[in-house]
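In what follows, a single structure is set out as structure tokens and then discussed.
The values are calculated or read from the model by the stated rules, or taken from the named source; none is laboratory data. Owing to the predicted nature of the structure, the values given are computational and were not obtained by experimental measurement. Ideal geometry is used to build each Cβ from the backbone, glycine not excepted, and the neighbour counts take in all protein chains shown.
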Amino acid sequence: MKLLPLTLLLTLICAITHAQTKISGTVLSVKGTPVANANITLKNTYDGTSTDSTGRFEFSTTETGRYILQFSALNFETDSVQVDLNQKSIILDLKVKPSVNLLETVSISAGYFITGDGKKGAVLTALDIATTAGTNADVFAALQTLPGAQTSFSESGLFVRGGSAAETKTYFDGMLLKSPFNATVPDQASRGRLSAFLFKGTSFAAGGYSAQYGQALSSALMLESTDLPEKTTTGISALSVGVGVDQNIRFKNSALSIGGSYYNLSPTYGILKQQHTYVKAPEQFSGSIQYKHKTSATGMFKIYGTYGETKISLYQDNIDTPALPKFFSNNNNNIYINSTYKEYLGNHWKLDAGFSYDRSADEGLQSAAHYTRTDKLTNGKTTLTYYFGKLSNFKFGAETFNTGRTESLDDLARGYRDQVSAVFAETDLFLTSKLVLRLGTRGEYSSYLKKYNLAPRTSLGLKTGLRSQLSFAYGRFYQNPEDEYLVMKRLNFEIADHYILTYEINRPGQNFRIEGYYKAYTQLTKIQPDNLDNSGSGYARGVELFWKDKKTIKNGDYYISYSFLDTKRDFRDFPTLATPSFAAKHTASVAYKQFIEGIQTQVGATYTFASGRPYVNPNNPVYLSDRTKSFNSLSLTLSHLTHLFKQFTVLYLNANNVTGFNNVYGYAYSNDGLSRRAILPSSKRNLIVGMLMTIGDSTFVR
Amino acid sequence: MKQLTKSFILMLMFFSLNSFAQNSDGKFQTGVKKGLEILKSSRVSDDFLKVSNYFERIAQAEPKEWLPPYYAAYGELLAGLTISDKALQDQYFDKALLAIDQANNLSAENSEIFALKGYIQFMKMSIDPQARLSFMSAAAASLGKAKALDPDNPRIYLINGQNTFYTPEAFGGGKAKAKPILENAVTKFAIFKPSSTIAPTWGSDRAEELLAQCN
């Protein structure tokens, strides 16, 4: 009995007087540089310390036995050693390996322009796209200020690197959009159908894109929709061209958005003189509904549906018989549904599935003839991604498009329907954090053409410094000929081969990029006397520069882009190899934005220059050898942030071509070639004023 | 002699029990208190990183306590606020967000955690406001949650007031708007009673300092 307290006493004394173990040493990187503020932890105890600025550390512990000593530091891999604390002192020389920093890792970037909030490699934010002066929040107009794209005010679409508008395809969450543009007026570009505010990110590929995307010969525009809105809000927009309302309702794990808009351009056309004589200025109704559901911590289901109707009628100058202007009318209705689901399966797999339906119907009069045209596309797609290593992945999937057109002119009717089925596989293989190789392939079968194709795609990225990267891409791209030719004949796939070399420097707040490319076209559709075939060909080569700086000017940023393009092709009705009318040799844009705090206003200015465009002059024996004068445009926007009725409001003004440059897109000649008419912008200048109000949020969320 | 031995044993037993108690409960309290002392004397970014490291060590030894990762996040946030290199700031704030999420996993529906999270998210946004507007609404959502959980938490009003103070007037901020929020914060700080000696109490001085700048 007496022994117990004695033992206890002894134990206590022992515990107090137990010789402490002193642990000291250094933490160095594998290159030998000292690592400051590394955390040294004796696992499962409170004991430990931090390294000083020379990487040294020292602490004592009263623990005994074997323990794990863990050491960690920012931007280094956490590591540990075992220590035996039954010694008086331990000296450790610890080495740490740099951790993989995603921002400093090489990426696939040849040909790509990525935009989006906080995304790796993003050069423009979603807001940048929406607020670029002169674009009126139209994604397609904004992208025309980036390298690779031509300025086109008289034709809808993106003309990329010598490609026609039909060679650029738009994808909404991975699903192909057949009719991305509003109803078209002759000789005028129309806006994209989908609001820029639907999307959080945009990848604009001027070439060399992934095997996941098919049926695009020159360029792919990938739009990524936003996720759940933070709050329930109501948005009201009142512009000089129309009004819109939308209601976002946020539930715990889901959100519902319902929106409607009405646009009528007749008030604007009453003030700004138009090129055509409108009987009915464009008038558009549209409505949309969107539901998003976060199915789990990592899963997301989205469905979006929209319906729109547009009506236009006008008289166009008749160059052959000036006394009889040509009548044109168009009634368009469009329905579009897009639904996607994504979920991670375990730690290594991701599933993406999607469905989309697009139907666009046009009907109207062309002079006295009645025409109808219906384009339809149904697209289903499934992709599985397997992640391995720290950064690498392997994806494979399949998709099918049911696409077609039916059209009629008075009593004549024709049409075609095609089922294009595709499989693809692709891997992004990170050989090191500085070297990535993408290998991919895509195979397609067209039931209408009764032909197969197999397209290899490859891309290489090499980090040449902390902030610089060199990239190369090669790919083969197939596309079905345009609907207007397919309704006439079963043809073959058109082909383009892209070779791209890029060098870029990405510093915080500053991006520089230079890209050179060569593109070879084969099997282009050619109109022969009384026949169509795939004997067309062509090439495009060029150099592009991009510089963005948001660091130098406080509250301001600007970017400059320049494209040099040398292209010739022999396609459609060309008698020979020639530079097409949609290719200007030099294109440059400067876009500048400045937020002025005192007056709470963002001012934006965009200047665009393009050298003269080729046009066909029947009096010149050399085909397409005449050039228009160069294109110049200076556009301004003002966004004034304020509160109306205590609700956050933006007052908005956008003025295109403020200095009134006389721009000419080309010329249309009379049948006898004796007189001609200039193809001009819809109006010399353009002005939109309005306000956007957000109810239910103290901050601007649109 | 026997009596003496008995009382000696009793005394020893008492001591040992006491020391045992200190080892489980007291050790944690003392540990956190020691960390808060270091925090008090910290001035520069490196000091705050060491505080964060200290609480990270307690966090790994006490995997069920939310205060260590909470204070680790707070230290990381202050380390970011006291350095001018934006790239480093961004990394510190990212670490702070990870730590605060760790705290949230240990103590769900905790007003203090959501308040601090709102603070960090706002600072994430401030690094590149134009590109990170989404953090603005995330910060507002976190602070809203914090308020719903405990409307008497004075730090919510300090952080809200501070965020408003530093938001340009055009985006719904400014001194005039911040003033009533900060006044409310000062009032709430005056009557605030922390739930324990180691629970968060910071912010009262900052609220008064900012309020003075509003006048």
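Give region A:254-313 a look and list any residue that's over 22 Å from A:Tyr336 (Cβ atoms) and among the basic types (Lys, Arg), or say none.
Matches in region A:254-313: A:Lys273, A:Lys280, A:Lys294.
Restrict the check to region B:127-145 and report whether at least one residue is of a type in the set (Gly, Ala, Ser), within 22 Å of B:Arg43 (Cβ to Cβ) and within 13 Å of chain A (Cβ to nearest Cβ).
Scanning region B:127-145 turns up no residue that is of a type in the set (Gly, Ala, Ser), within 22 Å of B:Arg43 (Cβ to Cβ) and within 13 Å of chain A (Cβ to nearest Cβ).
How about region A:75-94: which of its residues are within 14 Å of another protein chain (Cβ to nearest Cβ), of a type outside the set (Val, Ile, Thr) and in contact with a Phe, Trp or Tyr (Cβ under 8 Å, 6 or more places away or on another chain)?
A:Ser80
When the residues of region A:424-445 are filtered to those that are among the polar types (S, T, N, Q) and out of contact with any Ser or Thr (no Cβ under 8 Å at 6 or more places or on another chain), which remaining residue is surrounded by the fewest Cβ atoms within 10 Å (Cβ to Cβ)?
A:Thr432
Does B:Ile83 meet the test of being surrounded by fewer than 24 Cβ atoms within 10 Å (Cβ to Cβ), assigned to a loop (DSSP other than H, G, I, E, B) and either in contact with a Gly (Cβ under 6 Å, 6 or more places away or on another chain) or more than 10 Å from chain A (Cβ to nearest Cβ) (or both)?
Yes, satisfied.
For region A:428-437, does any single residue satisfy the condition of being in the same structural domain as A:Ser329 (by TED's automatic domain parsing), hydroxyl-bearing (Ser, Thr, Tyr), within 17 Å of A:Leu491 (Cα to Cα) and outside any strand (DSSP E or B)?
Checked against the condition, which is being in the same structural domain as A:Ser329 (by TED's automatic domain parsing), hydroxyl-bearing (Ser, Thr, Tyr), within 17 Å of A:Leu491 (Cα to Cα) and outside any strand (DSSP E or B), region A:428-437 yields no hits at all.
Name the residues in region A:390-449 that are of a type in the set (Asp, Glu), under 30 Å from A:Thr372 (Cβ atoms) and within 23 Å of the chain's Cα centre (by Cα), would you?
Matches in region A:390-449: A:Glu399 only.
From the residues in region A:608-642 that are among the polar types (S, T, N, Q) and crowded, with 19+ Cβ neighbours inside 10 Å, which one is farthest from the chain's Cα centre (by Cα)?
A:Thr628
Okay, residues lined up against (1) under 22 Å from A:Asp483 (Cα atoms); (2) surrounded by fewer than 17 Cβ atoms within 10 Å (Cβ to Cβ):
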residue: A:Tyr336; (1), (2): yes, no
residue: A:Ser339; (1), (2): no, no
residue: A:Leu345; (1), (2): no, yes
residue: A:Lys350; (1), (2): no, no
residue: A:Ala353; (1), (2): no, no
residue: A:Ser356; (1), (2): yes, no
residue: A:Gln366; (1), (2): yes, yes
residue: A:Lys376; (1), (2): yes, no
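Quick check on A:Tyr304: is it at pLDDT 90 or above and either on the phi > 0 side of the Ramachandran plot or assigned by TED's automatic domain parsing to the domain that holds A:Lys519 (or both)?
Spelling it out, A:Tyr304 is indeed at pLDDT 90 or above and either on the phi > 0 side of the Ramachandran plot or assigned by TED's automatic domain parsing to the domain that holds A:Lys519 (or both).
Pick from region A:468-526 the residues that are within 14 Å of chain B (Cβ to nearest Cβ) and more than 20 Å from the chain's Cα centre (by Cα): which of them is surrounded by the fewest Cβ atoms within 10 Å (Cβ to Cβ)?
A:Arg507
Kindly establish whether A:Gln212 is in the same structural domain as A:Thr522 (by TED's automatic domain parsing), of a type in the set (S, T, N, Q) and under 19 Å from A:Ala110 (Cβ atoms).
yes
Which one is farthest from the other protein chains (Cβ to nearest Cβ), of the residues in region A:46-68 that are surrounded by 19 or more Cβ atoms within 10 Å (Cβ to Cβ) and either modelled with pLDDT under 90 or in contact with a Pro (Cβ under 8 Å, 6 or more places away or on another chain) (or both)?
Out of the qualifying residues, it is A:Gly55.
Report the residue count in region B:146-168 for those that are surrounded by fewer than 16 Cβ atoms within 10 Å (Cβ to Cβ), over 20 Å from B:Asp205 (Cβ atoms) and within 14 Å of chain A (Cβ to nearest Cβ).
Summing the residues that are surrounded by fewer than 16 Cβ atoms within 10 Å (Cβ to Cβ), over 20 Å from B:Asp205 (Cβ atoms) and within 14 Å of chain A (Cβ to nearest Cβ) in region B:146-168 gives 2.
Given (1) within 13 Å of another protein chain (Cβ to nearest Cβ); (2) within 28 Å of A:Thr125 (Cβ to Cβ); (3) touching a residue at least 24 places away in the same chain (Cβ under 8 Å), identify the lone condition not met by B:Glu62.
Of everything listed in (1) within 13 Å of another protein chain (Cβ to nearest Cβ); (2) within 28 Å of A:Thr125 (Cβ to Cβ); (3) touching a residue at least 24 places away in the same chain (Cβ under 8 Å), B:Glu62 misses just condition (2).
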